[in-house]
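Shown next, in structure tokens, is the structure this report addresses.
The values are calculated or read from the model by the stated rules, or taken from the named source; none is laboratory data. These numbers were taken from a predicted model, which means no experiment stands behind them. Please note: Cβ atoms are built from the backbone with ideal geometry, for glycine as well, and neighbour counts cover all protein chains shown.
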Amino acid sequence: MPADWEKDPACRQSGAWLTIGSFDGVHLGHQAIIRALVAGARRSNSPALVATFHPHPAKVLKSNGAPFYLSQPDEKDALLHALGVDSVLTLRFDRKLAATSAQDFIRLLHDQLRFSCLLIGYDFRLGAGRQGDFDLLTRIGAEIGYAVHAFEPQLHQGRVVSSSEIRDLIQQGHVHQAAQMLARPYSLTGTVVHGDGRGRHIGLPTANLRVWQQKLLPQSGVYAAFAALGGQRFPSVINIGSRPTFYRQPGHSTIEAHLLDFNREIYTQHLRLDFIQRIRAEKKFDSAQDLMVQINQDIQLSREVLAHEPDPTNLPA
């Protein structure tokens, strides 16, 4: 049955249903909006559209150069389409767009998309000075013919689900809690490249992953994870960090995956790592032999952790 707000005459018009936002990570809060958007659009025989931004407004307005994103643009697009969205419009966010008033922006968007219903999050703000809140957008909608519905925040264990909260969890290594807010494991996707060969030299071959430089990395340490490759997934142990046992001066963080019971060459191939649980912090060992003793313990613990993981959801990571 349609919700009460869907009985607004504007929602029964033939125009598209639209939601606007950054949607970084496409977490549980985003998913609630998208599912309502798709369901309402289907009932009214209208397209379900998402207008999103790249770069993320925070990257532009706060001049944030550090790795930041929970999802690459193509990952976000795939997640939104997996939820049933018909089309994703990615708008380039720059200083000019940031200076555009909420009224000018929403009227221009309405001229282009002719949407009849606009769905937004509880804390949504649009336009210069963040003046485009629910009340202003509703007043404009009454003038030009669209209805607005705002969604309450999604809570997980009493905490509001948000992209910033998930970023904090990942930076602290709490990938299991982050996965609960994402409804899927946090992942890194990239190309397998040649490393320095140390893993193979000590009898532990690893796949070194080159990822998008703006993708947020979990806190340095050792993780139990699944590696997705060619439609299959393999239990894995991941190390993120500067490998202090071998290098005195910390350098840039590397991402090394040891796929368990796996012996194929996969250089240049596309690999996705789904992080399940942080096993331990990265540390310096007195010798490569001591390191191998610890790695064997990490492998055993990872096997135990991963053995209890359910099959992945249908949402792409």
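The table below lists the values:
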item: Filter result for residue 46 (under 28 Å from residue 188 (Cα atoms), surrounded by 15 or more Cβ atoms within 10 Å (Cβ to Cβ) and outside the structural domain of residue 186 (by TED's automatic domain parsing)); result: no
item: Test: residue in the stretch 223-232 that is in a loop (DSSP other than H, G, I, E, B) and either at pLDDT 90 or above or not assigned by TED's automatic domain parsing to the domain that holds residue 71 (or both); result: yes
item: Test set (1) surrounded by 17 or more Cβ atoms within 10 Å (Cβ to Cβ); (2) under 15 Å from the mean Cα position of the chain (by Cα) - residue 67 fails condition number; result: (1)
item: From 139, 167, 92, 107, residue being at pLDDT 95 or above and in contact with a His (Cβ under 7 Å, 6 or more places away or on another chain); result: 92
item: Test for residue 235: is it outside the structural domain of residue 30 (by TED's automatic domain parsing), under 16 Å from residue 298 (Cβ atoms), outside any loop (DSSP other than H, G, I, E, B) and at pLDDT 95 or above; result: yes
item: Filter pass, residue 148 being modelled with pLDDT of 95 or more, under 21 Å from residue 68 (Cβ atoms) and not small (Gly, Ala, Ser); result: no
item: The listed residue being within 17 Å of residue 140 (Cβ to Cβ) and at pLDDT 95 or above, out of 28, 18; result: 18
item: Members of the stretch 272-294 found to be buried (at least 18 other Cβ atoms within 10 Å of the Cβ) and in contact with a strand residue (DSSP E or B) (Cβ under 6 Å, 6 or more places away or on another chain), listed by number; result: 272, 273, 274, 275, 276, 277, 278, 279
item: Unique match (being assigned by TED's automatic domain parsing to the domain that holds residue 182, in contact with an Asp or Glu (Cβ under 7 Å, 6 or more places away or on another chain) and not in a loop (DSSP other than H, G, I, E, B)) among 276, 299, 295, 255; result: 276
item: Selection within the stretch 52-95 - closer than 17 Å to residue 130 by Cβ and among the hydrophobic types (A, V, I, L, M, F, W, C); result: 53, 58, 60, 61, 91, 93
item: Answer residue from the stretch 154-175, given it is part of a loop (DSSP other than H, G, I, E, B) and touching a helix residue (DSSP H, G or I) at 6+ places or on another chain (Cβ under 6 Å) and is surrounded by the most Cβ atoms within 10 Å (Cβ to Cβ) among those; result: 161
item: Complete set of residues in the stretch 110-120 that are of a type in the set (Gly, Ala, Ser) and modelled with pLDDT under 95; result: none
item: Residues of the stretch 34-57 satisfying the condition of being closer than 10 Å to residue 18 by Cα and in a helix (DSSP H, G or I); result: 34, 37, 38, 41
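Residues are listed down the side, and each one gets a yes or a no for (1) part of a loop (DSSP other than H, G, I, E, B); (2) of a type in the set (Val, Ile, Thr):
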site: 79; (1), (2): no, no
site: 85; (1), (2): yes, yes
site: 91; (1), (2): no, no
site: 97; (1), (2): no, no
site: 106; (1), (2): no, yes
site: 119; (1), (2): no, no
site: 137; (1), (2): no, no
site: 142; (1), (2): no, no
site: 148; (1), (2): no, yes
